[in-house]
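Only one structure is covered here, and it is reproduced in the block below.
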Amino acid sequence: MAKLILGIDIGTTATKGILLDPDAGIVAESEAPATLHTIHPGWAEEDPEEWWQNVATITRACLHAAGAENGDVAAVGASGMVPTLILLDPAGKVVRPSIQQNDARPHQEIAAFRTQVPETEALEKTGSAITQQSIGPKLLWLRQHEPEAMAQAAHLMGSYDFVAYRLTGNRSSERNWALESGLFDLRRQTWDEGILTLATIDPRLLGTVRWASEVVGDVSREAARHTGLRAGTPVVAGSADHIASAFSAGLKAPGDLLVKLGGAGDILYSLDDPVVDSRLFLDYHVIPGKFILNGCMAASGSIIKWFRQQCASGSEYATLDDLASVVAPGSEGLVLLPYFLGEKTPIHDPLARGVLFGLSLTHTLGHMYRAILEGIAYGFRHHLAVLADRGLVATRARVTNGGARSRLWKQVTADVLGLPLEEIAQHPGSSLGAAFVAGKGVGLFRAWEEIDRFIRITHVVEPDRQTAQHYAELFAIYRGLYGSLQGHFQALHRVTGDTS
């Protein structure tokens with residue numbers, strides 16, 4: 001009997017996959033690089049066809065590594081960035097590159113949307129404010145700037161919905177893509193006709209809304225030839241990457257917190273009941289009846305990657321860590337605003353830009369690198385302040401993703417947040433959550449709590465209280481900088497004549 005489960009994650013910098021054995025744990029892993037294209041300031045695009053080719057590459061690599069046959073896979077689940085915007089023509093061909101969730105181009109359309117849908121109404125209906133993440137303004141931008149693309153569009157979907165579609169030939173919209181798109185009515189559990197009309201969206205472009213663990217179809221013969229999977233293998237709707245990652249990190253109880261040190265920074269808080277706040281996104285948990293408050297920064301690890309490539313001659317990350325480790329906390333007066341792609345939560349400002357404040361001729365590469373780590377951590381702390389405004393306190397905090405391999409980044413984050421951070425051993429992130437959701441969908445797992453079998457805490461990063469106090473003072477400067485510069489960001493946009 002087939003019992004292996006394939007979990008796929010469509011990430012910003014890589015497509016990852018694992019094979020999960022419900023008894024033995026992860027038996028194979030593979031990944032293939034993905035490319036983020038930023039051809040204009042604030043733009044963020046990727047190629048879904050690259051993802052689809054990566055799916056084939058990593059699936060075959062996982063099967064080979066595990067010594068498995070295609071018939072050994074019992075189910076497939078995918079997770080991915082949300083809410084990406086992908087347009088397909090009637091034949092299922094990609095019309096144009098995906099517009100990523102952190103793309104900030106439709107600022108004029110966002111403003112227009114806000115005049116048509118009052119913020120309180122948008123929050124009440126969709127659970128989130130109208131922001132650079134919302135799908136409606138991006139579609140209006142496409143109608144204005146790329147009408148030929150919209151004329152070809154027959155299907156609209158997100159990243160992991162695209163993978164499920166290519167695997168099965170069936171269209172679906174997983175519930176969190178629907179909710180985070182800003183097109184879905186949280187209370188009525190259906191697409192909102194008024195917002196669809198405002199966004200000039202034909203509802204026929206959208207798939208049927210599904211829960212994460214619902215089976216949406218079986219692997220087609222064409223997809224089987226592409227991936228090496230057995231035709232007829234069940235495929236579930238899948239999950240938003242940050243939600244799958246939060247679940248696979250053990251967030252289940254109210255007050256559980258996860259800090260994701262990835263390409264984009266996520267901070268996630270588990271709830272039993274929905275809390276609507278314009279500064280945060282609201283998501284469904286993969287466990288029905290629970291919710292996740294989601295803070296998502298447009299850029300975090302991607303800033304580090306940019307700095308390494310453009311300013312540090314491609315130095316190893318470990319080398320940069322060593323340089324920054326000898327710099328005192330606070331980087332001798334350097335403060336970074338990490339708004340290199342505009343910013344999503346909690347300020348929702350697509351015109352915001354990155355700032356390195358306080359430079360002098362005494363500062364070195366190590367100072368700047370440490371300031372980047374600290375600035376990203378200040379962004380996470382800003383989210384904790386929002387939670388505190390709502391009376392929400394973290395009772396347990398964990399840290400995952402690629403940045404968790406850096407001892408310095410973890411320590412800086414723990415010190416800035418003033419929280420102990422539990423590190424999970426060899427955590428594969430969203431792909432594990434996607435695999436478990438698929439296994440739950442086909443009955444290989446009986447209870448959601450079984451995820452704990454695959455989680456092992458290896459280390460707790462304790463904050464240094466004296467350093468935390470110093471960072472609290474610098475955080476106040478961080479908060480003040482944006483307020484002082486907000487008008488200048490807008491003026492800069494007008495002066496540069498950027499029409500993106």
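The values are calculated or read from the model by the stated rules, or taken from the named source; none is laboratory data. Just so you know, these numbers come straight off a predicted model, no measurement behind them. No Cβ is skipped: glycine too gets one built from the backbone with ideal geometry, and neighbour counts run over all protein chains shown.
Quick notes on this structure:
- Here the condition is being surrounded by fewer than 24 Cβ atoms within 10 Å (Cβ to Cβ), in the same structural domain as residue 391 (by TED's automatic domain parsing) and out of contact with any Leu (no Cβ under 9 Å at 6 or more places or on another chain); of 232, 330, 289, 265, it holds for 289 alone.
- Residue match in region 99-116 (condition: farther than 26 Å from residue 213 by Cα, surrounded by fewer than 16 Cβ atoms within 10 Å (Cβ to Cβ) and modelled with pLDDT of 95 or more): no
- When region 277-312 is filtered for residues that are assigned to a loop (DSSP other than H, G, I, E, B) and of a type in the set (Asp, Glu), only 277 remains.
- Taken over region 252-261, residues that are surrounded by fewer than 24 Cβ atoms within 10 Å (Cβ to Cβ) and at negative phi amount to 4.
- Flag for residue 454 being of a type outside the set (A, V, I, L, M), in contact (Cβ under 8 Å) with a residue 12 or more places away in the chain, touching a Gly at 6+ places or on another chain (Cβ under 9 Å) and surrounded by fewer than 20 Cβ atoms within 10 Å (Cβ to Cβ): yes
- Residue pairs whose Cβ atoms lie under 7 Å apart, sitting 6 or more positions apart in sequence or on different chains, and linking a residue in region 57-74 that is not assigned by TED's automatic domain parsing to the domain that holds residue 223 to a partner that is at pLDDT below 95 and surrounded by 19 or more Cβ atoms within 10 Å (Cβ to Cβ), do not occur here.
- Condition check for residue 78: touching a residue at least 24 places away in the same chain (Cβ under 8 Å), surrounded by 24 or more Cβ atoms within 10 Å (Cβ to Cβ) and assigned to a strand (DSSP E or B): yes
- Within the option set 435, 371, 388, being on the phi < 0 side of the Ramachandran plot and under 22 Å from the mean Cα position of the chain (by Cα) holds for one residue only, 435.
- Of the residues making up region 316-347, those that are modelled with pLDDT of 95 or more and of a type in the set (Gly, Ala, Ser) are 318, 324, 325, 328, 330, 331, 333.
- With a requirement of 1 or more residues that are modelled with pLDDT under 95 and assigned by TED's automatic domain parsing to the domain that holds residue 115, the helices (runs of 4 or more DSSP H) lying completely within region 145-214 that satisfy it span 175-180, 193-198.
- Sole exception among (1) of a type in the set (Gly, Ala, Ser); (2) surrounded by fewer than 14 Cβ atoms within 10 Å (Cβ to Cβ); (3) part of a helix (DSSP H, G or I) for residue 443, by number: (3)
- Of the residues making up region 166-192, those that are among the aromatic types (Phe, Trp, Tyr) and crowded, with 24+ Cβ neighbours inside 10 Å are 177, 184.
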